[in-house]
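The values are calculated or read from the model by the stated rules, or taken from the named source; none is laboratory data. Every value quoted in this text rests on a predicted model; they were computed, and no experiment measured them. Neighbour counts are summed over all protein chains in view; Cβ atoms, including those assigned to glycine, are modelled from backbone coordinates with ideal geometry. Accessible surface is based on the protein model in full, side chains and every heavy atom, while ligands, DNA and RNA are left aside. Shrake-Rupley method; radii C 1.70, N 1.55, O 1.52, S 1.80 Å.
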There are 2 protein chains.
Amino acid sequence: MKNYNKQDFPVSEIRRFLEPGPVVLVSSAYKGETNIMTMGWHTVMEFSPSLIGCMITSANYSYDLIKDSGECVINIPEVHMATTVVGIGNCSGSDVNKFEKFNLTAEEATMVKAPLIAECYAHFECKIHDAQMLDKYNFFIFEVVKAHVAISPKYPETIHYRGEGHFMVSGNAVSYRDKFLPQNL
Amino acid sequence: MKNYNKQDFPVSEIRRFLEPGPVVLVSSAYKGETNIMTMGWHTVMEFSPSLIGCMITSANYSYDLIKDSGECVINIPEVHMATTVVGIGNCSGSDVNKFEKFNLTAEEATMVKAPLIAECYAHFECKIHDAQMLDKYNFFIFEVVKAHVAISPKYPETIHYRGEGHFMVSGNAVSYRDKFLPQNL
């Protein structure tokens, strides 16, 4: 297990980690049940409140846990966890306890009952902000109410899914800061 | 200008290019006006119909062009266009013609009136599928009705925005295909 030192991070700035489009692990808990699912279909929707839109198909065991509890945690795994990420997508929480099966550590969150996955680089504690798109699209709009991010490295080495078993690993950091109008930064 | 050879691509498979989270250029047209905007807040929502959810703030000049025409094109720029991408975000279509200012080539699309940006790696012609989230969130749900993708390279070298002028460039391709259950590919 990578030994991250994490600290609180401003919820209005988490686009730094989610806007680039990484695969994330969503953890949930309801009435003593916990689960983890992989997710690649998400988008930032607002800075403040810090809103994230997420597609979570109702066929997923996590769907009801999230809907009924009104909460989840979005965790960012780095590339060294890739086989675990794939394995989590291969099985259902209706059959197995994924924390046990994949030897992951459930850490207590601050604002929600869903657990943090300690092995991940960052954790965003979420509450459902708007459920109006659930029935038609299985689209949750979450508000991130608390963020925990590793102090180092500055940017995680994330994996980005292309389908068919293929991923892109995050590459070089480049800055075009001097090309932006200040008000657009 | 990079000389891409493009061909039709199945609209149900465009997640290959959008799910990894690149910055895209959205082109639009309405009553003789055209415009281009940069966009980083988008997510795949369904394979078939091929749905993409996009945050386009109503303050953008493109917002009304897209809403009123019911159409747009999502174009994928590669990293060699990064300064153009930033420049497009720095100015408003209310003041300038961005195709002229940035010396970009507007090519005719097949299914929509919005133009393709020829200098980009891929183009996804879109029609508004659902506008119910517009008033509250400025969130468009588009259906991709036609896709054009460069034959080579297999994967574009995309840029992914982190905010504050900083980007991540897409990195190595890795496959974990042998780790997936066949039904999950």
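Values for this structure:
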| read-out | value |
| --- | --- |
| For the pair B and A, total buried accessible area rounded to nearest 100 Å², probe 1.4 Å | 5300 Å² |
| Residues of segment A:71-95 buried by at least 50 Å² on assembly (accessible area, 1.4 Å probe, chain alone as reference) | A:VAL86, A:ASN90 |
| Under 5 Å, built H, 5+ apart or other chain: amide partners of A:GLU119 | A:THR105 |
| Net charge, B:ALA118 excluded, C-beta distance under 15 Å - Lys, Arg +1, Asp, Glu -1 | -3 |
| Lysine pair number, Cα distance threshold 16 Å (strictly under), segment A:6-184, separation 8 or more or different chains | 10 |
| Solvent-accessible ranking of A:ASP135, B:ASP130, largest area first, probe 1.4 Å | A:ASP135, B:ASP130 |
| Local electrostatic count, A:SER58, Cβ distance below 10 Å [Lys/Arg +1, Asp/Glu -1] | -1 |
| With every protein chain in place, segment B:6-184: carbon and sulfur % of accessible area (1.4 Å) | 44 percent |
| Solvent-accessible area lost in complex, 50 Å² minimum, residues of segment A:19-48 relative to chain alone, 1.4 Å | A:GLU19, A:PRO20, A:TRP41, A:THR43, A:MET45 |
| Per principal axis, descending, Cα span of the protein assembly as shown in whole Å | 59, 43, 38 |
| For B:VAL96, solvent-accessible area (1.4 Å; no DNA, RNA or ligand), Å² | 40 Å² |
| Per-selection Rg to Rh, chain B - Cα, Kirkwood hydrodynamic radius | 0.95 |
| Per residue value of the accessible surface for chain A (all protein chains in place, 1.4 Å probe), Å² | 41 Å² |
| Phi to ³J(HN,Hα) by Karplus 6.51 cos²θ - 1.76 cosθ + 1.60 over segment B:103-110, Hz, x for Gly, Pro | 6, 9, 9, 8, 9, 5, 7, 9 |
